[in-house]
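Below is one structure, written out as structure tokens; the observations come after it.
Please treat every number below as a calculation from the coordinates, not as lab data. Remember, predicted model here, so these are calculated numbers, not experimental data. Note: ideal-geometry Cβ built from the backbone for every residue, glycine included; neighbour counts use all protein chains shown.
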Amino acid sequence: MSEFEKDIIRASSRHVSDVISINKGLTEKTLRMRCQSYQAHIKSQLLTQTVYEISNSKKSLKKLNKELIDTNSKLKRQQEIIAEQKEEWERSFDALSAQVCILDMSGKILRANKAMRKCFETIHDTVIGLNYYLAYYGTSVSDPRNPCTMVLSGASDKVSVETMLPAMKGWYQVSLYSLHNGNGAQCGAVSAVEDITERKQMEEELVKMQKLKSVGILAGGIAHDFNNSLQGIMSMITLAETCANPDDEIYKRLEEAKKVVLQSKDLTQRLLTFSKGGDPVKDIISVQEVIRDLVNILPSRSNAIRMFDLPDDLWTVEADKGQIKQVISNLIINAEQAMPGGGTIRVKAENIVVSANETLPLRAGNYIKISISDHGIGIPQESLPKIFDPYFTTKQGDRGLGLSIAYSIVNKHDGFITAESKVGNGTTFYIYLPISHKRVSAKPILNTTKETVPIKGRGRILLMDDDDIIRRVVAELLKNLKYEVETAKDGTVAIARYKEAIKSNNLFDAVIMDLTIPHGMGGKEAIQKLLEIDPNTRAIVSSGFSDDPVMSDFKKYGFNDALTKPFEIDDLDEKLQSMLASAS
């Protein structure tokens, strides 16, 4: 019974008592009727109150029901959002290119993304439950230095290393991060393993290029100085020949010495390939023709058989023909040396298309791929990354420049050279050269008939060279040929001599200028100043940098001709006479 009902009964009792006291004279029957009337009134009041409360309860229940329905809808939407987020997380997890997995504290794999499953499920039935160490390191024994051990042991929250994994090929970045539960306690780790082989290859190529650049700077200076020395030796031998009878034995020995000097030019040319002067002079060439021409002139140094696969539809390339010949000849010679007892060398050329997603460090496009294979002794795997380093060699008595030069040449042609080898199974070198999109133009037919050389002598010559021996000996040789000669050690002195000759009306007929003068004005700058003084200045540029742009395009810089050191005096005399004859 509610408090309200109790209050009504108490009030009714008091009212009845009052009525009884007031109406003592009323009959029992009357009192009973009145009591019944009051009881009916009270029941009516109670009923009305109960209906009111029930009505209010229904409203409350309705409101509560609506709130429950709304709450249920919200919970359902939250569940949908969680499911969507989980699905999105799963998609993102599987979309990662790196191999990602979640580990428990024992190193067991609890979850793995698609990249990792694809890698390992060809070997194992499932990657889930697999031991992490066994998967990547081929052993279930943990190493304290292992990144996974360091993180799971709590020694570090995060470890990232670049390493080669025993169970996989190539270089990988292995990163591990500690995983904690809601209470902050470590419950496992997250591992991400990413293939960085391509980046490592690019870094190695960059290091090689930097090495070659450093060696190239040194080699250029050595080549220049060496050619100057050869020029001095050549001039001395020529001068000595003037004191000997051509029929004497000493004269023959001097001629042989000159041949040795000229053969030494090959070494300086190889050194120049490293230097800034070794830039290729490109033309549109056929790789097929280059290889076939090379076969005809390259003698076989062993019992090896050469086999060629050169399709007729090969694309053309824009390259320096001489340098490409040098690369291919070096590789063929290497192949022969790898098979001293004989064997087969296969040379193949083909058209290929390199796409942007390939691992080759090349721009996407069309290339000629040249393969040179042997079945020789092979190259040890530990030596393979070093074979293009300057002066690295596995052959006794070899200078180790051949492959370095090949690498430098191909690199300067915007190409790529690489090798694969297995000890006992031979080696294959691959050369990639970008094709030319230019059309081959018809070359003019050259007149090979040599013009009659004018009478020697008849000229006043200014000889500029920083080397005292060259100035003195070449001047003496020219005087023997009846030239009148003055010398200068650099461009400043040469300009002063030229001005004096104009002032005294005793002009020079020609100037011979050394291109490079250390710590002084060289020929490139001096010729411009001479042309300002006398636009009719006739000059020959001479240099030990045979591939310098000035030497290959001398007219562009104001010279009439060029002569590479070391040169013979007869070659210089021929150029002087030709130049003087054209000016007369």
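Dipole of region 283-434 (Lys/Arg Cβ +1, Asp/Glu Cβ -1, origin at the Cα centre): which of 286, 345, 368 lies farthest to the positive side?
Looking along the dipole axis, the top candidate is 345.
Relative contact order, percent, of region 99-195 when contacts are C-alpha pairs under 8 Å separated by at least 6 residues? Walk me through the numbers on the way to the answer.
Values: 188 pairs, mean separation 26.7, N = 97.
Dividing the mean separation by the residue count of region 99-195 yields 28 percent.
How many angstrom lie between the C-alpha centres of region 337-365 and region 145-199?
Going from one Cα centre to the other spans 37 Å.
Applying the Karplus parametrisation 6.51 cos²θ - 1.76 cosθ + 1.60 with θ = phi - 60° to the phi angles of region 548-564, what ³J(HN,Hα) value in whole Hz is obtained for each residue in order, glycine and proline being reported as x?
Ordered by residue, 3J(HN,Hα) equals 5, x, 5, 6, 8, 9, 4, 5, 4, 9, x, 8, 8, 7, 9, 9, 8 Hz.
Just need the relative contact order of region 296-371 here, percent rounded to a whole number, with Cα pairs under 8 Å and 6+ apart.
In percent, rounded to a whole number, it is 37.
Spelling out what I want: for every residue of region 113-124, take phi, set θ = phi - 60°, compute 6.51 cos²θ - 1.76 cosθ + 1.60 (Karplus), and round to whole Hz; glycine and proline get x.
These are the phi-based 3J(HN,Hα) values: 7, 4, 4, 6, 4, 4, 6, 9, 6, 7, 9, 10 Hz.
Amide H to amide H under 5 Å from residue 320: which residues, 5+ apart in sequence or cross-chain, H placed 1.01 Å off N in plane?
Distant-sequence amide H within range of residue 320: 283.
Starting from 0.36 nm per residue, how many nanometres of slack lie between residue 51 and residue 118 once their C-alpha separation is accounted for?
17.0 nm
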